[in-house]
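A short worksheet on the structure shown next.
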Amino acid sequence: MATRERLLSLGMPAAVLGVAAATRLIALDQPGVLVFDETYYVKDAASLLELGYEGRWPDGSDELFATGTPPTVGESAAFVAHPPLGKWVIALGILALGPADPYGWRLGVAVSGVLLVAALMVLAHLLWRSTTLTPLAGGLLAIDGNAIVMSRVALLDGVLALAVVLAVIAVVLDRRSSRARLDHWLATRRAAGRPTDWGPALVARPWLLAAGALFGLAVSVKWSALYLFAAFAVLTVVADALDRRRAGVALWASGTLLRQAPLSVLVTIPVAAAAHLATWWGWFATTGGYGRSRTIADAERWPGILGAMPDALQNWWAYQQSVYGYHVGESTPHPYEAPAAGWPLLLRPTYMHYVDRGDGTAEALTGIPNPLLWWGSVAAVLVILVGCGMAAWRARRRPVIATAAGAEPHEGASSTGPLPFVGSPWAIAVILTGVAAGYLPWMLYPERTTFFFYTIVVTPFLVLALVSVLGAVLGRPSDTVQRRRLGSALVVATVSMLVVVSAFFLPLWTGTPIPLEFLRLHYWLPSWI
């Protein structure tokens, strides 16, 4: 039995990765033209390889890329609105296969998409320790259309999603490590008869250091990662406080805020800033980047002693200010813009590419997710929120009998009681924090031009929410055999239906030519056209 379980624990994730690789890597060179914002990022990546910074391309460059004869980039600098790391990832594929090969344009992002599926399974395993829920989470992401398309076009958001999930993995590992160190510190101090009122000040937290570096890299793909960085930083402080409360530290709140939190800031912020700046090495190492060699007037220098900082650093900061001004003021109309308020309802997915071939068929590439998977995941978040409200209401209605250790369930434990999801409070907090931090900030900019494909950063956490609810449907070990069989049948039927829907939409996620009549069957809402 142990051997069988071991084989399943390895074989199922391997099969999921096989599906992810197939849906992301096969026929990656189609369509053979630059689609949507590839017109910016592929050329920026090629420019980074050539110049070390983003230069200007001559008119008609897109057509020349499509014919396999890309032109030479000009040395004059171009103003770009996003940091360079995502474009360096794209550049790796171009470096491997050349700028004339469409497969090379997208290879770096496609590999990132496969790694995102692997990273989500690692995160799911850390949260649930389940050989069933772990591959289920990866499998749902592997067959989701938004995740597939954002792995098959050379845009930045798929790389951003990978960096964010890796950072969250580090956050989860840090909590496991810091809880163990807290317990060891308290045991040692109590055995020696020493005070423990304030709790420890944990400085050596390598996983928290890694989380800071990874969030810094995520910000180096897109600035929107700052919201997730801030949200998970707050979650870490809250978790530290609750762990001290659980362990019986008298001044658990003030000890966390006054002792641990400042140290956590000192651990994460400098390394995040260093990681972010390191990705700008090409801009700093050359002199031709946008604003790099600008002459700084005395009135423009930083005040006081900061004015002695290198001109390159001050010019870089001025560049960032210009980028910020662009982002908050961007409101150019676009036929596929999608306000964030409509994202949960899937009102306006992004069409990346469409060509009527004139023979009754068309090439269509749209970033629509599996509709049932998307709506089911959004519903799962609502179910979890309602379930958390039910748990809080019950806790206020009757006293809770504490366990002898006074500890919450460990990361792999299921919630007690008839709640409609599985997972420890910490697991649910991680999921909801990812959803909220990836989505709600966009609601602050209703006038800004936004697109549905931004949701790829939220998608992994939405999938985890759905898996948490499906885990409750499967049943718990304490349930009867009949109940678990019914739950298994329901989950198998649900997953089978999701697979069928993904197969139905797959041609629209890969740009495969299909008959126009068949294409129209995919427009479930008028706004999807």
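The values are calculated or read from the model by the stated rules, or taken from the named source; none is laboratory data. The shown structure was predicted, so the numbers you read here are calculated from the model rather than taken from an experiment. No Cβ is skipped: glycine too gets one built from the backbone with ideal geometry, and neighbour counts run over all protein chains shown. Surface areas here come from the heavy atoms of the whole protein model, side chains and all, with no ligands, DNA or RNA. Shrake-Rupley method; radii C 1.70, N 1.55, O 1.52, S 1.80 Å.
A few comments on the model shown:
- In the range 22-38, the residues that are assigned to a helix (DSSP H, G or I) and open to solvent by 30 Å² or more (accessible area, probe 1.4 Å): A22, L25
- Hits in the range 42-68 (condition: in contact (Cβ under 8 Å) with a residue 24 or more places away in the chain, under 25 Å from A364 (Cβ atoms) and open to solvent by 20 Å² or more (accessible area, probe 1.4 Å)): K43, D62, A66, G68
- Scanning the range 351-375 for residues that are aliphatic (A, V, I, L, M), open to solvent by 20 Å² or more (accessible area, probe 1.4 Å) and modelled with pLDDT under 95 returns a single hit, V355.
- Annotation: V80 fulfils all but one of (1) under 30 Å from T132 (Cβ atoms); (2) part of a loop (DSSP other than H, G, I, E, B); the unmet one is (1).
- Failed criterion for A239 (all others in (1) over 17 Å from R175 (Cβ atoms); (2) touching a residue at least 12 places away in the same chain (Cβ under 8 Å) hold): (1)
- Residue that is nearest to S264 (Cα to Cα) [pool: residues in the range 206-233 that are in contact with a helix residue (DSSP H, G or I) (Cβ under 6 Å, 6 or more places away or on another chain) and part of a loop (DSSP other than H, G, I, E, B)]: S220
- For the range 104-152, a residue qualifies if it is in contact (Cβ under 8 Å) with a residue 60 or more places away in the chain, of a type in the set (V, I, T) and closer than 17 Å to I431 by Cα, and the qualifying residues are V117, T134.
- The set of residues from the range 24-41 being charged (D, E, K, R) and within 23 Å of A503 (Cα to Cα) comprises R24, D29.
- Residue count for the range 282-309, restricted to those that are free of Cβ contacts under 8 Å to residues at least 40 places away in the same chain, of a type outside the set (G, A, S) and open to solvent by 80 Å² or more (accessible area, probe 1.4 Å): 8
- The set of residues from the range 211-230 being aliphatic (A, V, I, L, M) and open to solvent by 30 Å² or more (accessible area, probe 1.4 Å) comprises L214, L217, L226, A230.
- Exactly one residue out of W198, W185 is at negative phi and either of a type in the set (S, T, N, Q) or in a loop (DSSP other than H, G, I, E, B) (or both): that is W198.
- The requirement of being within 27 Å of A218 (Cα to Cα) and within 23 Å of the chain's Cα centre (by Cα) is fulfilled nowhere in the range 51-72; no residue meets it.
- Any chance V378 is in contact with a Leu (Cβ under 8 Å, 6 or more places away or on another chain), surrounded by 14 or more Cβ atoms within 10 Å (Cβ to Cβ) and either small (G, A, S) or over 29 Å from P31 (Cα atoms) (or both): yes
- Assessment of the range 153-165 against the conditions (buried (at least 20 other Cβ atoms within 10 Å of the Cβ), in contact with a strand residue (DSSP E or B) (Cβ under 9 Å, 6 or more places away or on another chain), under 30 Å from A27 (Cα atoms) and touching a residue at least 60 places away in the same chain (Cβ under 8 Å)) yields at least one matching residue.
- Matching residues, the range 240-281, being surrounded by fewer than 19 Cβ atoms within 10 Å (Cβ to Cβ) and of a type in the set (K, R): R245, R246, R259
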